[in-house]
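Have a look at the structure below, then the notes.
The values are calculated or read from the model by the stated rules, or taken from the named source; none is laboratory data. Keep in mind that this is a model prediction, so the values were computed, not measured. In this analysis, Cβ positions are derived from the backbone assuming ideal geometry, glycine residues included, and neighbour counts consider all displayed protein chains. Ligands, DNA and RNA are stripped out before the accessible areas are found, and what is left, the full protein with its side chains, is counted by its heavy atoms. Shrake-Rupley method; radii C 1.70, N 1.55, O 1.52, S 1.80 Å.
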Amino acid sequence: MINITYLDASKQEKTVSFESYAEFERSQQACLIGISDYFKVTKLTYNGHELDYSGTYGDIFFYLLKQDLSQYEN
């Protein structure tokens, strides 16, 4: 599971979750999520493990592509 906590345009903290990396990837490719790419991410977790990520929502996809996520598989 992927949990992404971010600050929206009003600086309100919001969280969006995806059941799997594949679901997250589909949402990015289909542009189905109404979250702006420039929103600041405050926390990113994968299968309960907090990842060392600081950046924007739009850059998460590229960050995850470069990670060895197998080490976090349950």
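Pull out the extension gain between His49 and Leu7, defined as 0.36 nm times the separation in residues minus the alpha carbon to alpha carbon distance; nm, one decimal.
My answer for the length gained is 13.1 nm.
Taking the simple approach of a point 7 Å from Cα along Cα-to-Cβ for both Asp37 and Ser70, what is their distance in nm?
Result: 3.1 nm between the two label points.
Does anyone have the angle between helix 21-30 and the longest principal axis of the chain? Alpha-carbon axes, 0 to 90°, nearest 10?
Result, in degrees: 40.
Restricting things to alpha carbons, find the Rg to Rh ratio for the chain using the Kirkwood radius for Rh.
0.93
Could you please state how large a percent of the accessible area of the chain is carbon and sulfur, counting protein chains only and using a 1.4 Å probe?
Solvent-exposed carbon and sulfur of the chain make up 46 percent of the total.
Go ahead and set up a Gaussian network model of the chain, Cα springs under 10 Å, then flag whichever of Phe18, Phe39, Phe62 fluctuates most.
Phe62
Given R₀ = 25 Å, FRET efficiency for Tyr63-Glu19 by Cβ-Cβ distance, to 0.05?
The calculated FRET efficiency here is 0.85.
Counting only heavy atoms of protein chains, what accessible area per residue, in Å², does the chain have with a probe of 1.4 Å?
64
Could you pull out every one of the lysines with an alpha carbon less than 19 Å from that of Lys14, ignoring same-chain neighbours closer than 8 positions?
Of all the lysines, those that pass the test against Lys14 - Cα under 19 Å, at least 8 places apart if same chain - are Lys40, Lys43.
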